[in-house]
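Data first, discussion second: the structure below is written as structure tokens.
The values are calculated or read from the model by the stated rules, or taken from the named source; none is laboratory data. Source: prediction; values computed, not measured. Glycine gets a Cβ as well: all are built from the backbone with ideal geometry, and neighbour counts include every protein chain shown. With ligands, DNA and RNA removed, areas are computed over all heavy atoms of the protein, side chains included. Shrake-Rupley method; radii C 1.70, N 1.55, O 1.52, S 1.80 Å.
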Amino acid sequence: MDTIKTRLQAQSIATQKYTGILDCMIKTFRHETVFGFFKGMGFPLATLAVQNAIIFGVYGNVLRNIAVWRGHDPNKTADNLDVYIAGCAGGVAQLSIACPVELVKVRLQMQTHGRGKLAPGQTMPVYKGPVHCISSIARTEGLRGCYRGFTVMCFRDIPAFGVYFLAYDVLCKKLTLEGQKEPSVWALLLAGGLAGSLSWVSINPLDVVKSRLQSDGVKNQKYRGMWHCIVDSYRTGGIRVFFTGVTLNAVRGFPVNAVTFAVYSILLRALGGQDNTSVTM
């Protein structure tokens, strides 16, 4: 889903290759087989555990420190504002890793070459894999090139993680039945899935800008920066262009984040830790 989403978001009206989700899926499978849907996934999967450890670790520690600073009991249910601030802090902490990882993923996803022989008129792919991609970017575009899209990711990720954790916290409280001390596993899954979908939908316009900026630069750069990308995208595609991929983001965000939050909360309980993202245990 992520590959389809990225390709739809990054294409411009002038060079439109796909008419929609189904068309993109069919053409990707036809020219690249099933492997085309998993391009660029190596780097994100390799760094996923580290990124989640940073996000949840920073979130938990910031939330506890805010409670202590306010003179509250850190083992009690946190205020909504504190949850949002701690979530934003987690978003800040992961940016240094997330930006180059996302850049490599997007660049590899935009290579539509199939396995084996090249199609007629098709040139050799620019990047052979994630390591070759990041080293090539560093060599040709410098360290700054490795962080292309960093500004828009700040605008995207920082508030998104605030919404993410706040939505989960509120939903856990709402889904905890009267008389229960803690939400059930099903409540954790539902709250995590809805929180993930909500956060992705809320930042979809910035996700479009990020995809366009990071896919740009493979050959000749089209966008000078975030604001130029926003203005140019609006001028050529109207307001609708910023909602490209919103359905895919909402759908894929549910199962991934349902499992992520459920595992996080269950492990905290098993290890005897305090899960501040739910009701008091």
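Points to keep in mind about this one:
- Set A195, A167: member being farther than 23 Å from E102 by Cα and either within 19 Å of the chain's Cα centre (by Cα) or aromatic (F, W, Y) (or both): A167
- In segment 248-281, of all residues being buried (at least 16 other Cβ atoms within 10 Å of the Cβ) and of a type in the set (S, T, Y), the one that is modelled with the highest pLDDT corresponds to T260.
- Among residues of segment 21-41, those that are assigned to a loop (DSSP other than H, G, I, E, B), open to solvent by 20 Å² or more (accessible area, probe 1.4 Å) and out of contact with any Gly (no Cβ under 8 Å at 6 or more places or on another chain), counted: 2
- Here is the figure for segment 76-115: residues that are under 21 Å from A49 (Cα atoms), free of Cβ contacts under 8 Å to residues at least 40 places away in the same chain and open to solvent by less than 20 Å² (accessible area, probe 1.4 Å) total 0.
- Scan of segment 44-73 for residues that are open to solvent by 80 Å² or more (accessible area, probe 1.4 Å) and among the hydrophobic types (A, V, I, L, M, F, W, C), ordered by number: L45, L48, V68, W69
- The residues in segment 131-153 that are part of a helix (DSSP H, G or I) and either in contact with a strand residue (DSSP E or B) (Cβ under 9 Å, 6 or more places away or on another chain) or open to solvent by 20 Å² or more (accessible area, probe 1.4 Å) (or both) can be counted, and the count is 13.
- Taking the numbered list (1) in contact with a Phe, Trp or Tyr (Cβ under 7 Å, 6 or more places away or on another chain); (2) at pLDDT 80 or above; (3) open to solvent by 10 Å² or more (accessible area, probe 1.4 Å) in turn, K128 passes all entries but (1).
Residues checked against (1) in contact (Cβ under 8 Å) with a residue 12 or more places away in the chain; (2) under 30 Å from S135 (Cα atoms); (3) open to solvent by 10 Å² or more (accessible area, probe 1.4 Å):
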{"residue": "G179", "(1), (2), (3)": "no, no, yes"}
{"residue": "L188", "(1), (2), (3)": "yes, no, no"}
{"residue": "A191", "(1), (2), (3)": "yes, no, no"}
{"residue": "G196", "(1), (2), (3)": "yes, no, no"}
{"residue": "V201", "(1), (2), (3)": "yes, no, yes"}
{"residue": "L206", "(1), (2), (3)": "yes, yes, yes"}
{"residue": "Q214", "(1), (2), (3)": "yes, yes, no"}
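- Where a residue in segment 46-59 is farther than 19 Å from Y84 by Cα and part of a helix (DSSP H, G or I) and its partner, wherever it lies, is open to solvent by 40 Å² or more (accessible area, probe 1.4 Å) and not hydroxyl-bearing (S, T, Y), with Cβ under 7 Å and at least six apart: T47/I97; V50/I97
- Some residue of segment 223-234 being within 24 Å of Q111 (Cβ to Cβ), polar (S, T, N, Q) and either open to solvent by less than 40 Å² (accessible area, probe 1.4 Å) or modelled with pLDDT of 85 or more (or both): yes
- Matching residues in segment 57-100 - criterion: being of a type in the set (D, E, K, R) and within 14 Å of the chain's Cα centre (by Cα): none
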